[in-house]
Structure formats: structure tokens, C-alpha cells
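The values are calculated or read from the model by the stated rules, or taken from the named source; none is laboratory data. All of these numbers come straight from a predicted model, not from anything done at the bench. Cβ coordinates were reconstructed from backbone atoms using ideal geometry, including for glycine residues, and neighbour counts include every protein chain displayed.
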Amino acid sequence: MNPWWGLTQMYVDTTQVDPFAQNWWWAKILLDGEFANCPNKKGVIGHEMGHVFGLAHVSTSTSLMYTGIGSTNVTRATKDDNDGINFLY
């Protein structure tokens, strides 16, 4: 078992890249084999989609981008998450 419920990987062509070091063309979201037991499936998938939009982890437990999102009841983007996306785009 992995230490995560979900993981987002960024790519250019078929090469995985560090999203903090360069732009990427597409992303792949991986879900852990134990994802069926995750208490917050919607939150985890939303969190990983946040990474696809370019958002990083935050320490605020009420945010969708909180590192431990699987153990919270947050299931949708908050104002802070939306502000981050609006800033990037």
C-alpha cells in the first residue's frame, strides 16, 4: 500500500517532469489500490484535479488542497482554492 490515496504525475510527451521546474502538457491521476476504503473519495479526486490546475499543497485543513484531504470532509474547492486557480489563469 502507498502512503497516499491519490497521486498526480505531470508529463511532456511521454516523459514525467517536475511541475515545479517546468511546464507540462498533460497529467495522470493515480488512485491507490486501497482507494475504495478512502473516507473522502470526492475530496481526494478534487484535490488531485487541483494539482492538474497547478495548485500546490496548503496547510489549511479546510482547503481542498490540504495535504491530508482524505481524512477531512472537504469535497469541493473553497474560496482559497478558487482564488489560486484564478491567480494562475
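A few comments on the model shown:
- Residues satisfying the stated conditions in the range 68-89, i.e. β-branched (Val, Ile, Thr), within 18 Å of ILE29 (Cβ to Cβ) and surrounded by 15 or more Cβ atoms within 10 Å (Cβ to Cβ): ILE69, VAL74, THR75
- Those residues of the range 36-84 which are within 18 Å of PHE20 (Cα to Cα), β-branched (Val, Ile, Thr) and out of contact with any helix residue (DSSP H, G or I) (no Cβ under 8 Å at 6 or more places or on another chain), in sequence order: VAL52, THR67
- MET1 vs. criteria loosely packed, with under 11 Cβ neighbours inside 10 Å and either touching an Asp or Glu at 6+ places or on another chain (Cβ under 6 Å) or modelled with pLDDT of 95 or more (or both): yes
- Complete set of residues in the range 33-69 that are in a helix (DSSP H, G or I), more than 13 Å from THR8 (Cα to Cα) and of a type outside the set (Gly, Ala, Ser): PHE35, ASN37, LYS41, LYS42, ILE69
- Residues that are more than 25 Å from ASP80 (Cα to Cα) and exposed (fewer than 14 other Cβ atoms within 10 Å of the Cβ), drawn from the range 28-48: GLY33, GLU34, ALA36, ASN37
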